[in-house]
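The values are calculated or read from the model by the stated rules, or taken from the named source; none is laboratory data. As the structure is a computational prediction, the values presented were derived from the model and not from experiment. Neighbour counts run over all protein chains shown; Cβ positions are idealised from the backbone, glycine included.
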Amino acid sequence: MNRRLLVILLIALVVASVSSYVIVRMVGKSMNTAKALPSTPMIVAARDIKIGTILAAADVKVVNVTGIAPQGAITQAKDAIGRGAISNIYNGELVLDSRLAPMGSGGGLAATIKTGMRACAVRVDEVVGVAGFVTPGMRVDVLISGVPPNSSATQETQTRTILQNIEVLSAGTDIQKDAEGKPQQVQVVNLLVSPEDAQVLALASNQMKIQLVLRNPLDTAVVQVKETEVNNLFGGPDAAKAKTASKVSHKARPAAAQPFTITVINGDRRSEAKFASTGGQQ
């Protein structure tokens, strides 16, 4: 055999052996590292848990997860049992502390109310409730229609937007979204509002007719909306200008100038002279 070819084969064999040894060492080291990672017990959902449900022992189970527990993970079943779910938790999903209401706060609608906020109930019908499509999680604007108080007898009915970008907590007695997306006839809608807005909404519910208007949940902008009167519906965009001009033209006009008389006495002669007055006085 060619001596040169033999040398090349020997060198290739040595290189292959060294490479194999390095690879085996690296793989073995990584496997040992993986085995060295700690195993942490964590609480996961044993079945699908709906929002508002108070967790029972049958709703959760303990599994050992390799690695460090994520922030907020619950590691003991006693820390989850008896607390209400404030969002849907699916089978096999980690039960995080942020997904559960504080211990003792109960379940249902009350557990979903954020700190500092209030759930305000609004009585609706199929029209006010946007034909039944107002479901939990939706965003709505609140409109009122009526005649402003302390107005004249000829005051027109107005529609005004009083609240914008309000979250719907529940529709009727259901705090779940309809999985099939079908409309439901509801009589009460609970809205998540601040304490100040709750007062506004309660007063409007008793004094005015309320209309809910659906909006895109991603559209959170609050815009300035001018009130609309009945005349605006028939007069087009220039109706407001025309009404303003009419009001100006009907303002009280100054009284017409009245002439005044001056009596002139010259000795035994007496005469009168009349002059036009600009002030309307005599």
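Filtered by the rule that a residue be assigned to a loop (DSSP other than H, G, I, E, B), surrounded by 12 or more Cβ atoms within 10 Å (Cβ to Cβ) and at pLDDT 75 or above, the range 108-129 gives 113, 117.
When each of 164, 184 is tested for being under 30 Å from residue 86 (Cβ atoms) and at pLDDT below 80, the lone residue that passes is 184.
Determine, yes or no, whether residue 196 is surrounded by fewer than 19 Cβ atoms within 10 Å (Cβ to Cβ), acidic (Asp, Glu), in a helix (DSSP H, G or I) and modelled with pLDDT of 75 or more. It is true that residue 196 is surrounded by fewer than 19 Cβ atoms within 10 Å (Cβ to Cβ), acidic (Asp, Glu), in a helix (DSSP H, G or I) and modelled with pLDDT of 75 or more.
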